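Everything on this sheet refers to the single structure shown next.
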Amino acid sequence: ERGHGPYQPHEPGYGLDQPGYSPYEDEIPDPQARMLAIKNAKAYLLKTSTKSGLNLYDHFANILTKILDEQPENTVDIIENISKDVKWAQFRKKMDTLRDEHLISPTFEAAEKCKALFVKEGGEEEHEDVEEEMGQPSLPNVMETAFYFEQAGIGLNKDESYYIFLALKNLINVQPIQTCRFWGKILGLEMNYIIAEVQLREGGEEEETEEEGEETIAEGEKETSEAEEDEQKEKEPEPPKSTYKPPPEIPKEANGTGTNKYVYFVCNEPGKPWVKLPPVTPAQIVCARKIKKFFTGRLDAPVVSFPPFPGNEANYLRAQIARISAGTHVSPTGFYQFPEDEEEEEGADTYEENPEFEPPPVAEMLESLATWAHHVKGILKQGRCVWINPSQKSEENEDDDEEEEEEEGEAQEEERGPPLLTLISEDEGMKNIPAWTAQASTNLIPEYSVAILQSNRWPGAYAFASGKKFENIYFGWGHKYSTESHTPALLPPAEAEFPSEPGITETVDPTVEEEMAFKAAQEEALAEEEEGEDEEGEDD
């Protein structure tokens, strides 16, 4: 007969509740059966799990130890969480039996990467002396700019902003920089780009001109070698030459003007070496408008697209920086003015600060976009800020081809863009979306708010204005917004077949009968000629 207890003879815990036993009675059950039941229960609790390798007995012991050590309040309500904490503490990383693997914490790795930023080099003292002579520090206050943008929830975290601050300081110590500015951060699929916009001191761009001179010398040597090869081939019959003339190449703008007004340095992370981007060419800007590619984070990566981009990712990055700067760099109206000498000229390219500028209130800058103006020249369809006639030739060929130049000059119409310091209220929107959106950093305390301007044409471009202080910055993927999905350009149509003419078209092969008849006609003609010659000889 089965007892009323919960355990069977073969189950652990059997014997703890025998019939007739009560803790208030003086009679004690058989101690041997009780010890057997305790051993069975303990053996059951000591069974090891096949999944975690733990057993219930040790787990209960650790839970009780943790409770007694910490003595939390309302233990019964948090017993499940205590059990989880004890389990998580048991799991450890598997180590090799011969040698333990050295575990490097992420904090240590991040500190090692940024270690070079905190090392003060010997050249900094000389740079400080140069700054004292110049009177104006070239290092921008990145933390102050980050503070103002932080009011509107824009920007990077404080640690990264400070690392960029130190990285710009190291850049100024190495390069002959006159002015420096944190341009922004362009995101990539593998790595990101941190961009610095600088102006070099006089003499800092001599290296580029020397490299260009070496390229021209190499081109001259190639031309002489080609001329020698042409002289050797004059004796041989030449194949027909193509009459196609490619369109003239549009020259890039000089350093310090137009799209190449500033020099840009980039790095993937603060602490890594800065890399100088090459100057941008009009062909790169024109092609960048037709394609849409994500950046990888590697400057030497090829740009696979159609139409084919003339360069690698470094050139594509430089072209996008020029486009974003031309469309989104703005300042409060009246902060800059034209110099007195160039005030009457339409194509003025330089400006200076207005000492009599009085900043408008924040409420006015939010209501009217006429309080903001572009201080970077727009880029024309040609890919330059200043239009140039591509049909102009060198002075040597002017006398030979005057008529051709007149015809081409008539066809080429001069292109003009909006003048410098144009109000952003004149910018065209995208269907129902305005080009700009102005908002305050806070509506709760409007007297201390900051005016924030956001570009809808280039998502990620922002500007702030607070009193006489303003700044522009960009955080994004480097893509222009489009109301429609991007459609790549179509391939050009296939070339037409060569026109068939009687002198070019192949004749039909003659039959055997026609060949025999042709041979017989030739033989008859030869026989007649011989007879005629014989008759003439007899007459003589």
(message) If residue 184 meets every condition in (1) buried (at least 19 other Cβ atoms within 10 Å of the Cβ); (2) at pLDDT below 80 apart from one, which number is that one?
(response) (2)
(request) Kindly indicate the residue of region 69-91 that is over 21 Å from residue 45 (Cα atoms) and hydrophobic (A, V, I, L, M, F, W, C) and also nearest to the chain's Cα centre (by Cα) among those meeting that condition. (result) 78
(request) Would you tally the residues in region 501-510 being within 30 Å of residue 242 (Cβ to Cβ) and open to solvent by less than 100 Å² (accessible area, probe 1.4 Å)? (result) 4
(request) Can you give me the ranges of the helices (runs of 4 or more DSSP H) entirely in region 260-369 with at least 1 residues that are surrounded by 16 or more Cβ atoms within 10 Å (Cβ to Cβ) and free of Cβ contacts under 8 Å to residues at least 40 places away in the same chain? (result) 282-288, 313-328
(request) Write out, first by first residue and then by second, each pair whose Cβ atoms fall under 7 Å of each other, whose residues are 6+ apart or on separate chains, and whose first residue, in region 185-203, is farther than 18 Å from residue 161 by Cβ while the second is of a type in the set (Gly, Ala, Ser). (result) 188/297; 189/297; 190/297; 191/297
(message) With the structure loaded, tell me whether residue 513 is of a type outside the set (A, V, I, L, M, F, W, C), part of a helix (DSSP H, G or I) and surrounded by fewer than 10 Cβ atoms within 10 Å (Cβ to Cβ) or whether it fails that test.
(response) yes
(request) Working only within region 44-78, note down all residues that are of a type in the set (S, T, N, Q), over 21 Å from residue 91 (Cβ atoms) and either part of a loop (DSSP other than H, G, I, E, B) or in contact with a His (Cβ under 8 Å, 6 or more places away or on another chain) (or both). (result) 71, 74
(message) Which residue is nearest to the chain's Cα centre (by Cα), if the candidates are limited to region 429-485 and must be assigned to a strand (DSSP E or B), farther than 30 Å from residue 191 by Cβ and aromatic (Phe, Trp, Tyr)?
(response) 436
(message) For region 158-180, which positions are part of a helix (DSSP H, G or I), closer than 16 Å to residue 266 by Cβ and either more than 22 Å from the chain's Cα centre (by Cα) or not assigned by the TED database to the domain that holds residue 273 (or both)?
(response) 170, 172, 174
(request) Show the residue pairs that are 6+ apart or on different chains and have beta-carbon atoms under 6 Å apart, the first residue being within region 459-474 and closer than 13 Å to residue 183 by Cβ and of a type in the set (S, T, N, Q), the second being open to solvent by less than 40 Å² (accessible area, probe 1.4 Å) and part of a strand (DSSP E or B). (result) 472/463
(request) Give me the pairs, please: first residue somewhere in region 434-446 and closer than 16 Å to residue 470 by Cα, second residue anywhere and in a loop (DSSP other than H, G, I, E, B) and among the aliphatic types (A, V, I, L, M), beta-carbon distance under 8 Å, and either six or more positions apart or on two chains. (result) 439/152; 440/450; 441/152; 441/450
(request) Kindly indicate the residue of region 91-145 that is among the small types (Gly, Ala, Ser) and at pLDDT below 70 and also least open to solvent (accessible area, probe 1.4 Å) among those meeting that condition. (result) 123
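The values are calculated or read from the model by the stated rules, or taken from the named source; none is laboratory data. Since the structure is predicted, the reported quantities are computational estimates derived from the model, not experimental observations. Methodologically, a virtual Cβ is constructed for each residue, glycine included, from the backbone with ideal geometry; neighbour enumeration extends over all protein chains shown. When the accessible area is computed, the model is the full protein with side chains, heavy atoms only, and any ligands, DNA or RNA have been set aside. Shrake-Rupley method; radii C 1.70, N 1.55, O 1.52, S 1.80 Å.
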